[in-house]
Amino acid sequence: MKIRPCICAAAVAIGAMAVPVKAEKSAYFGLTLLDPVSEMRRPDTYVVVDGAKIVRIGRGKPPASIPPERRHDFSGRFVMPGLFDTHAHLTLGPVVGKRVDGKPVLQVLGNDAYTRHDARMLLAHGITTIRDPGGDARRMVAYRDAAAAGRIVGPEARVAGQVINRSDVRFENLVDQVSDAEPIDGIVGRQVSEGVDYVKLYDALTPDDIAVGAATAHKAGRKAIAHLGDVSWVEGVKLGVDALMHAMPISPDLLPEPQRAAYLAKRRPGAFAFFEWFEVADLDAPEMRQMIALLARKKIWLDATMIAFKLAFWGDDLAYRDRDAAIAHPAMVENWRTLFRFDAGWSADDYRRAKAVWPKVLRLVRMLHDAGVPMTIGTDMNNPFVAPGASLSREMALHADAGIPNWSILRMATADPARLMGLERRTGRLKPGLDADMLILDADPSRDISAIARVVAVVENGRLHDPAELKRSAIR
């Protein structure tokens, strides 16, 4: 059975999985504050936190009213807002296949242990907020609400429900299938009633499906986010899509003739399209220039998730593919190695061809950024070999490889997603009155983006976390 790429998310019903960490008035001092919005470094800074909020930021020694046991000396370290992963399938479990009435069925197996592990790993790497773009609506909403109430240690979340699609293969715990029995407006309405924040539209939907799905979502006050395939990004935007996933605009409609006809004659199904399309795409063609201009003009939000594709393109390089495997849950790693792979069936020549187009992928991302398309840092976490937490620093490094300045990348992981998710009055910057979501580092990522992985401490809603302890407690 062919597993359709990049839609893996599962969810798990979350109850009281952790006792909230008590937050008290405290001060963090000796820090250089990094503000990605103003691109300023502010040395010798202290931050006073009361409960879940930042109440004061100043220079020098913190106020004498803070007792010694609540003063945290981080002299020589750097502090910045907590990070966002805007494409984190938090509650994913292994993907398994079976047959029902002689027909192939895929199923995502959720488990509380996977969710607890991934949530703590995300937080250990400084990620205090996520957008989960697809999973079982009931379970995703349960995680979101448990995290907000402090009943689980993990990032705050905004969530989509099950991916809405038309597919030849049933995908339990992941996909809501559009059919005559359940049209798309009914599916969207049901998901909204279950409490989702976004509606996720997928690549096998028809243009009419996308138009109706987006309109129904908008009527209910929800954004329509989409992973598109043959329906182009241009058409999707015109049909009402608000945000797009993945730097893979692989619609034949974006190829000029005669490249389009040649591509359609030879293309293979599934993940082969990720490099076959780029082989024939002309990034300077009018179709692509017009697409980029449209996304910029309409302010269509995109998360590139390059790390998920690079891990597939370099899937024959086990040292590269497995370098973060120890961070993922062991059950997920085993599933990736034995069944769920984007590069299943690829030959040595396929890997060679995929690697050869990588510079074009990087160039497209740079073109989108330079044109002013709103972009955030997302990883497609828990798809094959995309480990929780560590993959965000990998994704940020790939944006730097594309030529995007470090300060811009830091905004794409903090203030920009906060604004796009409607959370800018609560988080995304370090300011009095905002949530105390802070990442403390031992080096400056505005100068070297790889420093984003050198996490010393994480403060989430006023609660101080030791990254090493979060990692130790992830699997229990």
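The values are calculated or read from the model by the stated rules, or taken from the named source; none is laboratory data. Note that the structure is predicted; figures quoted are calculated from it, not measured. As a convention, Cβ positions derive from the backbone with ideal geometry for all residues, glycine included, and neighbour counts pool all protein chains shown.
The residues in the stretch 334-348 that are assigned to a helix (DSSP H, G or I) and free of Cβ contacts under 8 Å to residues at least 40 places away in the same chain can be counted, and the count is 3.
Looking at the structure I just gave you, is ARG323 free of Cβ contacts under 8 Å to residues at least 12 places away in the same chain and not in a helix (DSSP H, G or I)? Judged against the criteria, ARG323 is a match. For the stretch 133-165, a residue qualifies if it is more than 22 Å from PRO467 (Cβ to Cβ), of a type outside the set (Lys, Arg) and not in a helix (DSSP H, G or I), and the qualifying residues are PRO133, GLY134, GLY135, ASP136, ALA149, VAL159, ALA160, GLY161, GLN162, VAL163, ILE164, ASN165. Filtered by the rule that a residue be of a type in the set (D, E, K, R) and within 17 Å of LEU31 (Cβ to Cβ), the stretch 445-459 gives ARG447, ARG454.
Considering the stretch 442-476, the residues that are of a type in the set (S, T, N, Q) and at pLDDT 95 or above include one that is nearest to ALA52 (Cα to Cα), namely ASN461.
For GLU39, are the conditions met, namely being of a type in the set (Asp, Glu) and at pLDDT below 95? No. A residue that is touching a Phe, Trp or Tyr at 6+ places or on another chain (Cβ under 8 Å) and crowded, with 24+ Cβ neighbours inside 10 Å can be found somewhere in the stretch 107-118.
Can you find, within the stretch 52-81, the residue that is surrounded by the most Cβ atoms within 10 Å (Cβ to Cβ) among those that are among the small types (Gly, Ala, Ser) and either free of Cβ contacts under 8 Å to residues at least 24 places away in the same chain or touching a Phe, Trp or Tyr at 6+ places or on another chain (Cβ under 9 Å) (or both)? Filtering first and then ranking leaves GLY58. Only residues that are more than 30 Å from SER473 (Cβ to Cβ) and surrounded by fewer than 16 Cβ atoms within 10 Å (Cβ to Cβ) were counted in the stretch 310-336, giving 1.
Taking the condition of being touching a residue at least 24 places away in the same chain (Cβ under 8 Å) and loosely packed, with under 15 Cβ neighbours inside 10 Å, how many residues in the stretch 284-309 meet it?
6
For the stretch 405-448, what are the residues that are surrounded by fewer than 22 Cβ atoms within 10 Å (Cβ to Cβ), in contact with a helix residue (DSSP H, G or I) (Cβ under 6 Å, 6 or more places away or on another chain) and over 22 Å from SER75 (Cβ atoms)? Matches in the stretch 405-448: ASN406, GLU424, ARG429. Looking only at residues that are out of contact with any Asp or Glu (no Cβ under 8 Å at 6 or more places or on another chain) and β-branched (Val, Ile, Thr) in the stretch 176-198, which one is farthest from GLY213 (Cα to Cα)? Residue satisfying both the conditions and the ranking: VAL196. The set of residues in the stretch 168-196 that are out of contact with any Phe, Trp or Tyr (no Cβ under 8 Å at 6 or more places or on another chain) and in contact (Cβ under 8 Å) with a residue 60 or more places away in the chain comprises VAL169, ARG170, PHE171, GLU172, ASN173, LEU174.
When you check ASP73 against the structure, is it over 30 Å from ALA326 (Cα atoms), charged (D, E, K, R) and at pLDDT below 95, yes or no? The answer is no for ASP73. Looking across the stretch 445-465, the residues that are assigned to a loop (DSSP other than H, G, I, E, B) and under 23 Å from the mean Cα position of the chain (by Cα) come down to PRO445, SER446, ASP448, ARG454, ASN461.
Can you find a residue that is within 20 Å of TRP336 (Cβ to Cβ), of a type in the set (A, V, I, L, M) and surrounded by 22 or more Cβ atoms within 10 Å (Cβ to Cβ) anywhere in the stretch 135-152? Scanning the stretch 135-152, I find no residue that is within 20 Å of TRP336 (Cβ to Cβ), of a type in the set (A, V, I, L, M) and surrounded by 22 or more Cβ atoms within 10 Å (Cβ to Cβ), so the answer is no. Of the residues in the stretch 364-374, not one is in a loop (DSSP other than H, G, I, E, B) and acidic (Asp, Glu). Within the stretch 86-124, being farther than 23 Å from LEU423 by Cβ and part of a strand (DSSP E or B) holds for VAL95, VAL96, GLY97, LYS98, ARG99, VAL100, LYS103, PRO104, VAL105, LEU106, GLN107, VAL108. VAL49 falls short on exactly one of the conditions (1) part of a strand (DSSP E or B); (2) surrounded by 15 or more Cβ atoms within 10 Å (Cβ to Cβ); (3) at pLDDT below 95, and that condition is (3).
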